[in-house]
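First the structure, in the form of structure tokens, and then the observations on it.
The values are calculated or read from the model by the stated rules, or taken from the named source; none is laboratory data. Bear in mind the structure is a predicted one, so any value in this text is a computation, not a measurement. We place every Cβ from the backbone using ideal geometry, glycine too, and count neighbours over all the protein chains shown.
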Amino acid sequence: MEAKEDALKYKKKLKPYEIRRVWIERVVIWIAIILTMFPIVAIVAASMAPGSSFTQETIFPKSINFDNYVKVIKDTDFLIWVKNSLIICFFVSIIQLAITIPAAFAFSRMRFKGRKYGLMSLLLLQMFPSMLAVSAILVIAYSIPNGMDNMLVLILFMCGGSAYNIWLVKGYIDSLPKELDEAALVDGASVFQVFTKIIIPLLRPMLVVIFLFSFIGQYSEFVLTSALMKSADMQTVATGLRTFITNNFSANWTQYSAAAIMASLPIVIIFLGGQKYIAKGLVAGAIKG
Amino acid sequence: MQNIVTNGTKREIHRKSSRVNSNANPYNYLAPALISIFILTFLPIVYTVVISFTNYSLNTMHNVKLIGIDNFKDILSGPFTKVFLPVFGWTFIFAIVSTFGCFLIGLILALLLNDKNMKEAPVYKAILVLPWALPATIAVLSWQGLLNAQYGAINIALMHLHIISKPIQWLTSPTLAKVGVLMATLWLGFPYMMNVCMGSLSAIPDDYYEAAEIDGASAFTKFFKITLPSITRTAYPLLISSFAFNFNNFGSAFLITQGGPPRPTSQYAGYTDILASTIYNMSMTYNRYALGAAMSIILFFIIAIISYVQMRASGQFKEVE
């Protein structure tokens with residue numbers, strides 16, 4: 001970084017061709033930004049448009065109001081969906097972390113029989129997303145009592161996909177200096193103490209990030225939720241928003257937009273806040289993959 | 001635990017040493033993960049395999065019997081071939097176009113943003129990354145509204161700019177529906193690739209370019225001999241995993257068009273259905289669980305082959321050693 005700044009200082013004046021090039025690049029990027037922002041701006045605009053805007057003819061409404069937001073909160077099950085989503089995402093992420101960390105610790109710090117094949121089969125299982133087993137999961141849910149419309153069953157099935165997280169956390173524990181554990185072991189600490197007193201505190205910042213990204217990932221889960229949750233009051237944000245479409249979307253487009261914005265905003269904020277971790281590749285793929 | 005450390009009485013030391021063995025047993029740490037993965041992931045997979053060899057459907061629920069590989073025969077060479085093959089072809093095209101399209105757009109933008117003379121580049125990057133930050137399901141759902149012929153913002157904008165005179169039927173024409181689905185997928189996916197490319201661009205040492213400059217290399221040569229090879233090396237495994245992801249990209253297919261417009265030749269899959277959404281429909285809409293399971297197994301083998309190539313490429317197998 002410093003070297004780059006120094007280099008800039010030496011070049012006091014940009015050469016004409018450099019200035020031309022930067023301006024061409026800027027124009028291309030501005031076009032890209034317009035295309036990128038267009039859908040977002042259009043939805044924000046629609047959410048503030050009056051009426052159903054079934055016959056909306058301009059992108060920007062002539063008058064702005066927040067009626068749609070009020071209607072979504074008052075007249076639809078939106079708050080129930082948010083509540084369900086929060087419960088499911090919270091518990092799935094917490095349970096996954098609790099399952100993942102000890103296993104990642106063992107895979108990273110211990111040598112034992114079956115370690116190699118264990119890791120390999122984790123890789124293999126991670127290739128088979130739980131949505132491919134949706135036929136089997138449905139049959140199972142139908143055959144056990146209270147299997148359908150049961151949040152606990154859904155949370156359990158969603159927790160099954162922790163293989164990838166084990167790899168993620170294992171990679172991070174691998175990067176912690178081994179000398180720390182060795183010193184503690186020499187001082188008479190047990191392996192469990194190494195785990196609870198050294199590894200977990202060091203992992204703490206990482207755990208928050210993994211928790212948040214796992215949370216975001218579950219927030220978008222659609223397949224299992226829509227398969228297992230049939231009744232209207234068990235929908236999540238992802239499946240609930242879709243009912244706007246199945247229930248005559250055209251009349252509801254402005255309300256849908258308002259709901260979509262309210263549902264997306266917290267996630268966008270979390271995501272942008274954690275962006276520096278994504279850049280490090282630490283949680284890459286944990287969100288959409 | 002705290003007590004044991006602070007009060008080092010004899011009895012507690014003794015207790016501690018006897019506990020060391022169980023503390024150090026790796027299987028205790030693995031048990032929660034192994035048990036949960038076994039029950040919640042592995043057993044459903046096994047059950048999927050079992051179902052795929054039966055005639056399980058809504059009609060046969062109380063009379064399920066093993067029928068061998070008939071489901072696979074039906075899909076690969078029997079009556080369901082005309083459902084499977086077009087869907088398979090479109091899945092492939094969809095995955096290739098969206099993976100390489102995202103990569104290309106991401107690469108170009110990353111190269112532009114990498115210009116050191118553009119001081120405001122971080123601002124642009126923060127804006128361009130936005131689609132990635134959105135919850136995918138909600139973003140994809142919104143595209144259905146954006147593409148709507150009557151009130152969709154895309155048609156409104158195109159008409160106001162006088163590019164088109166009457167609305168484009170995005171969701172009812174097979175070709176346009178495919179274009180629409182791809183547009184949404186590219187929009188949603190390019191920021192990730194841009195991020196990947198920017199990361200690998202900043203990892204290229206400046207010395208390379210300085211050395212090339214001294215040797216009199218043109219900008220063109222520098223790009224093809226230094227920049228592109230370096231980026232491909234880091235991006236290659238990510239490209240493959242992104243391909244595997246798009247191969248399975250249920251959301252784009254199902255939530256924008258619901259797989260439609262429907263094919264006149266078959267009720268089971270529309271023009272924009274990919275394998276993953278066809279499997280979902282087989283189980284959810286038509287209750288043909290056995291056929292859905294058999295398709296899952298076929299899809300699994302395809303993904304497994306892709307992922308195997310990816311793991312070889314990224315050296316994940318070496319990490320296991």
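Do we find a residue being β-branched (Val, Ile, Thr) and assigned to a helix (DSSP H, G or I) anywhere in the range A:234-242?
As a first pass, look at the range A:234-242 and keep what is β-branched (Val, Ile, Thr): A:236-237, A:239.
Those still in the list that are assigned to a helix (DSSP H, G or I) too: A:237, A:239.
Checked against the condition, which is being β-branched (Val, Ile, Thr) and assigned to a helix (DSSP H, G or I), the range A:234-242 yields at least one hit.
Return the residue satisfying two criteria in turn: it lies in the range B:7-32 and is polar (S, T, N, Q) and either in a helix (DSSP H, G or I) or modelled with pLDDT of 50 or more (or both), and of such residues it is nearest to the chain's Cα centre (by Cα).
Step one: of the range B:7-32, the residues polar (S, T, N, Q) are B:7, B:9, B:17-18, B:21-23, B:25, B:28.
Now restrict to residues that are either in a helix (DSSP H, G or I) or modelled with pLDDT of 50 or more (or both): B:17-18, B:21-23, B:25, B:28.
On the way: B:Ser17: 49, B:Ser18: 48, B:Asn21: 43, B:Ser22: 41, B:Asn23: 39, B:Asn25: 37, B:Asn28: 33 Å.
Among residues in the range B:7-32 that are polar (S, T, N, Q) and either in a helix (DSSP H, G or I) or modelled with pLDDT of 50 or more (or both), the one nearest to the chain's Cα centre (by Cα) is B:Asn28.
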## Note on the structure
Residue pairs qualifying under the 8 Å Cβ cut-off, at least six apart or on distinct chains, with the first in the range B:194-207 being free of Cβ contacts under 8 Å to residues at least 40 places away in the same chain and the second being assigned to a helix (DSSP H, G or I) and buried (at least 19 other Cβ atoms within 10 Å of the Cβ), are B:Ser200/B:Ile231; B:Ser200/B:Ala235; B:Ile204/B:Thr227
### Task
Among the residues of the range A:177-203, write down those that are over 16 Å from B:Tyr29 (Cβ atoms) and under 32 Å from the mean Cα position of the chain (by Cα).
A:Pro177, A:Lys178, A:Pro201, A:Leu202
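Taking the range A:170-229 as the search range and keeping residues that are among the polar types (S, T, N, Q) and more than 30 Å from B:Asn249 (Cα to Cα), which one is modelled with the lowest pLDDT? It would help to see each step written out before you state the result.
Of the residues in the range A:170-229, the ones among the polar types (S, T, N, Q) are A:175, A:190, A:193, A:196, A:214, A:218, A:220, A:225-226.
Okay, now just the ones that are also more than 30 Å from B:Asn249 (Cα to Cα), so A:175, A:190, A:193, A:196.
Numbers: A:Ser175: 81, A:Ser190: 87, A:Gln193: 89, A:Thr196: 89.
Across the range A:170-229, the extreme among qualifying residues is A:Ser175.
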### Query
Is there a residue being more than 7 Å from chain B (Cβ to nearest Cβ) and over 18 Å from B:Ile39 (Cβ atoms) anywhere in the range A:117-134?
yes
## Note on the structure
The condition of being touching a helix residue (DSSP H, G or I) at 6+ places or on another chain (Cβ under 7 Å), in a helix (DSSP H, G or I), in contact (Cβ under 8 Å) with a residue 60 or more places away in the chain and at the interface with chain B (Cβ under 7 Å from one of its Cβ atoms) holds, among A:Ile166, A:Ile210, only for A:Ile166
### Summary
Just one listed residue, out of B:Ile35, B:Ile69, is under 27 Å from A:Leu123 (Cβ atoms), modelled with pLDDT of 80 or more and of a type in the set (A, V, I, L, M), and it is B:Ile35
### Summary
Within the range A:247-289, the residues that are at the interface with chain B (Cβ under 9 Å from one of its Cβ atoms), modelled with pLDDT under 75 and farther than 19 Å from A:Leu86 by Cα are A:Phe249, A:Ser250, A:Gln275, A:Ile278, A:Ala279, A:Lys280, A:Gly281, A:Ala284, A:Gly285, A:Gly289
### Summary
Counting only residues that are more than 7 Å from chain A (Cβ to nearest Cβ) and under 17 Å from A:Thr36 (Cα atoms), the range B:144-160 contains a total of 5
## Note on the structure
Of the residues in the range A:152-163, those that are touching a Leu at 6+ places or on another chain (Cβ under 9 Å) and either among the charged types (D, E, K, R) or more than 11 Å from chain B (Cβ to nearest Cβ) (or both) number 1
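Among B:Ile138, B:Ile127, which is more than 17 Å from the chain's Cα centre (by Cα) and either assigned to a helix (DSSP H, G or I) or crowded, with 18+ Cβ neighbours inside 10 Å (or both)?
Working: B:Ile138 fails: more than 17 Å from the chain's Cα centre (by Cα).
Checking each option against the conditions leaves just B:Ile127.
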### Task
Output yes when any residue across the range B:151-167 is buried (at least 18 other Cβ atoms within 10 Å of the Cβ), assigned to a loop (DSSP other than H, G, I, E, B) and in contact (Cβ under 8 Å) with a residue 40 or more places away in the chain, and no when none is.
no
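Given the criterion in a helix (DSSP H, G or I), at pLDDT below 90, surrounded by 13 or more Cβ atoms within 10 Å (Cβ to Cβ) and more than 7 Å from chain B (Cβ to nearest Cβ), identify the matching residue among A:Val72, A:Val41.
On the way: A:Val41 fails: at pLDDT below 90.
Answer to the check: A:Val72.
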### Query
Across the range A:119-134, what is the number of residues that are in contact with a helix residue (DSSP H, G or I) (Cβ under 7 Å, 6 or more places away or on another chain), part of a helix (DSSP H, G or I), free of Cβ contacts under 8 Å to residues at least 60 places away in the same chain and of a type in the set (A, V, I, L, M, F, W, C)?
7
### Close pairs from the range B:39-64: first more than 9 Å from chain A (Cβ to nearest Cβ), partner aliphatic (A, V, I, L, M) and loosely packed, with under 13 Cβ neighbours inside 10 Å, Cβ under 9 Å, at least 6 apart
B:Phe53/B:Leu66; B:Phe53/B:Ile69; B:Thr54/B:Leu66; B:Asn55/B:Leu66
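Yes/no per residue for (1) under 27 Å from B:Val179 (Cα atoms); (2) outside any helix (DSSP H, G or I); (3) out of contact with any Leu (no Cβ under 8 Å at 6 or more places or on another chain); (4) free of Cβ contacts under 8 Å to residues at least 60 places away in the same chain:
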site	(1), (2), (3), (4)
B:Lys222	no, no, yes, yes
B:Leu228	no, no, yes, yes
B:Ser277	yes, no, yes, yes
B:Ala293	no, no, yes, no
B:Ser296	yes, no, no, no
B:Gln310	no, no, yes, no
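Do the conditions hold for A:Phe244, that is, is it under 16 Å from the mean Cα position of the chain (by Cα), within 9 Å of another protein chain (Cβ to nearest Cβ) and farther than 15 Å from A:Ile101 by Cβ? Even if it seems obvious, please write down each step before you answer.
On the way: under 16 Å from the mean Cα position of the chain (by Cα): no; within 9 Å of another protein chain (Cβ to nearest Cβ): yes; farther than 15 Å from A:Ile101 by Cβ: yes.
No: the conditions fail for A:Phe244.
Any idea which of B:Lys116, B:Lys73, B:Lys125 is of a type in the set (Lys, Arg), within 11 Å of chain A (Cβ to nearest Cβ) and either in contact (Cβ under 8 Å) with a residue 24 or more places away in the chain or out of contact with any helix residue (DSSP H, G or I) (no Cβ under 7 Å at 6 or more places or on another chain) (or both)? Can you show your working first?
Values: B:Lys116 fails: either in contact (Cβ under 8 Å) with a residue 24 or more places away in the chain or out of contact with any helix residue (DSSP H, G or I) (no Cβ under 7 Å at 6 or more places or on another chain) (or both); B:Lys73 fails: within 11 Å of chain A (Cβ to nearest Cβ).
Among B:Lys116, B:Lys73, B:Lys125, only B:Lys125 is of a type in the set (Lys, Arg), within 11 Å of chain A (Cβ to nearest Cβ) and either in contact (Cβ under 8 Å) with a residue 24 or more places away in the chain or out of contact with any helix residue (DSSP H, G or I) (no Cβ under 7 Å at 6 or more places or on another chain) (or both).
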### Message
Condition first: out of contact with any Lys or Arg (no Cβ under 9 Å at 6 or more places or on another chain), within 9 Å of chain A (Cβ to nearest Cβ) and free of Cβ contacts under 8 Å to residues at least 24 places away in the same chain. Can you find one or more residues in the range B:260-274 that meet it?
### Response
no
### Summary
Checked pairs for the range A:175-203, first within 15 Å of A:Pro102 (Cβ to Cβ) and within 11 Å of chain B (Cβ to nearest Cβ), second of a type in the set (D, E, K, R) and assigned to a helix (DSSP H, G or I), C-beta under 6 Å and 6 or more apart or across chains, list as A:Val194/A:Asp181
### Task
Out of B:Phe94, B:Phe80, report the one residue that is within 15 Å of B:Ala293 (Cβ to Cβ), within 27 Å of the chain's Cα centre (by Cα) and either surrounded by 13 or more Cβ atoms within 10 Å (Cβ to Cβ) or among the aromatic types (Phe, Trp, Tyr) (or both).
B:Phe80
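Can you find even one residue in the range B:260-274 that is in a helix (DSSP H, G or I), farther than 25 Å from B:Val49 by Cα and out of contact with any Asp or Glu (no Cβ under 8 Å at 6 or more places or on another chain)? Break it down into steps so the answer makes sense when it comes.
Taking the range B:260-274 and keeping what is in a helix (DSSP H, G or I), we get none.
No.
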